[in-house]
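Notes follow the structure.
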Amino acid sequence: MFDSGQFDAPFLLAQVRAWGGELGFSQIGVAGVDLSSAEPGLLAWLAEGFHGDMAYMQAHGVRRARPAELVPGTTSVITARMDYLAATPEGWQAIEFDRLQSSREGIVSLYARGRDYHKVLRQRLQKLADRIAAAVGPFGHRVFTDSAPVLEVELAARSGQGWRGRHTLVLNREGGSMFFLGEIYVDLALPATEPVADHCGSCTACIDVCPTGAIVAPYRLDARRCISYLTIEHAGTIPLELRPLMGNRIYGCDDCQLVCPWNKFARTATLPDFAPRAGLVGQPLVALFAWTEEEFLRHTEGSPIRRIGHERWLRNIAVALGNALRREEDAQVRAALQARREDPSALVREHVGWALGVER
């Protein structure tokens, strides 16, 4: 355990916030490690099976709500958020909704159009930890970015990064929800920063807009129905009843964020890392479906998309092509699907077969 008597905790926190800003973080907060009040909700969510195929969530159980068990010696959690929205014209939310109506274009979630955020945040959080060490000496710590059993939203909300919206994401009055979260578990006794009040009021726009009804109640998400889960975390066959609802979304889904009134305050990224890659934005589904595995790996190098692999990429696009055919017969779309009828992957063949058999 680090000897807290060796430093002025409030002064150090002020320094950490300043260093965080220099490293591109939009806000730094501190949460305590007693998350026991969050355990019943976590256990109830797991009991409902809402985590789907994400078995690691069940395996870790309440450990997610016990930072000092995950990293022994932890006494405080430094939380950080980083804006990722690329420079966009006014009315960007409406523009993105319009793109969802272009059925032959493949839509990748906004956060995944640039560099893999795991790498960007992890590196910068480690630099922040290094600056702390330079100021106070060696201390126990561990950096996290959506990479371990951590209750990120709970920690962010407790430390004043924002409040938990009805869609379960963190909302900030000055920054909406278009940001990434990261944490540093530390053995330094830092003063906790104050949480903020909920400002959703009576709004249910995120619940109403969800294409698959995945937000089954305020603050309660059934991941098994979520398009982000289906296109990224889920490795197998996509349920038949959900395929038509996915539209042209081939990696992730932003609908609940696009409709949120608070995102009119979303800030653009200060780092160039999250600038969208040309090959992943505004591309026809047929062009993306034609990628070989080598082309897929080349186009997604350094991108979060690479983690799903070529097979799931093709599965997702096959569904989107089927939905395009449902809206309008298109010889090019049908030919692209026909070209993969004998794909080596049974998973791809099944979804291609479904796409070719859909009726308008």
Among the listed residues Asp98, Asp83, which satisfies the condition of being surrounded by 15 or more Cβ atoms within 10 Å (Cβ to Cβ) and at pLDDT 95 or above? Asp83
Among all residue pairs at least 6 apart or on different chains, which show Cβ distances below 8 Å where the first residue, located in segment 140-160, is under 16 Å from His51 (Cα atoms) and the second is of a type in the set (Asp, Glu) and at pLDDT below 90? Glu152/Asp146
In this structure, is Val62 modelled with pLDDT of 80 or more and of a type in the set (A, V, I, L, M)? no
So, restricting to helices (runs of 4 or more DSSP H) that lie completely within segment 271-354, which ones have at least 1 residues that are farther than 14 Å from Arg243 by Cβ and in contact (Cβ under 8 Å) with a residue 60 or more places away in the chain? 285-289, 309-327, 331-338
Residue list for segment 99-117, restricted to those being assigned to a helix (DSSP H, G or I) and either within 24 Å of Ala189 (Cβ to Cβ) or not hydrophobic (A, V, I, L, M, F, W, C) (or both): Arg99, Tyr111, Tyr117
Does Pro239 qualify as being surrounded by fewer than 18 Cβ atoms within 10 Å (Cβ to Cβ), free of Cβ contacts under 8 Å to residues at least 60 places away in the same chain and closer than 19 Å to Trp354 by Cβ? yes
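Within segment 108-136, can you find the residues that are β-branched (Val, Ile, Thr) and within 15 Å of the chain's Cα centre (by Cα)?
Within segment 108-136, Val108, Val120 meet the criteria.
Okay, residues lined up against (1) modelled with pLDDT under 80; (2) among the basic types (Lys, Arg); (3) out of contact with any helix residue (DSSP H, G or I) (no Cβ under 7 Å at 6 or more places or on another chain); (4) farther than 30 Å from Leu110 by Cβ:
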position	(1), (2), (3), (4)
Met1	yes, no, yes, yes
Gln6	yes, no, no, yes
Val33	no, no, no, yes
Phe50	yes, no, no, no
Asp53	yes, no, no, no
Thr74	no, no, no, yes
Thr79	no, no, no, no
Go through Arg220, Arg243 for me and flag whichever is over 19 Å from Leu347 (Cβ atoms) and basic (Lys, Arg). Arg220
Picking from Phe289, Phe296, the residue that is at pLDDT 95 or above, crowded, with 16+ Cβ neighbours inside 10 Å and in contact with a His (Cβ under 9 Å, 6 or more places away or on another chain) would be Phe296
Count - residues of segment 208-233 that are farther than 19 Å from Tyr251 by Cα and either buried (at least 20 other Cβ atoms within 10 Å of the Cβ) or among the acidic types (Asp, Glu) (or both): 1
Is at least one residue of segment 159-179 in a loop (DSSP other than H, G, I, E, B) and in contact with a His (Cβ under 7 Å, 6 or more places away or on another chain)? yes
Given the conditions (1) within 30 Å of Ser202 (Cβ to Cβ); (2) assigned to a helix (DSSP H, G or I), and given that Cys253 satisfies all but one, which numbered condition is not satisfied? (2)
In this structure, is Leu188 crowded, with 21+ Cβ neighbours inside 10 Å, at pLDDT below 95, closer than 30 Å to Glu69 by Cα and aliphatic (A, V, I, L, M)? no
Out of contact with any strand residue (DSSP E or B) (no Cβ under 6 Å at 6 or more places or on another chain), closer than 24 Å to Asp34 by Cα and in a loop (DSSP other than H, G, I, E, B) - does that describe any residue in segment 118-138? no
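The values are calculated or read from the model by the stated rules, or taken from the named source; none is laboratory data. The structure displayed is predicted, hence computed values, not measured ones. In this analysis, Cβ positions are derived from the backbone assuming ideal geometry, glycine residues included, and neighbour counts consider all displayed protein chains.
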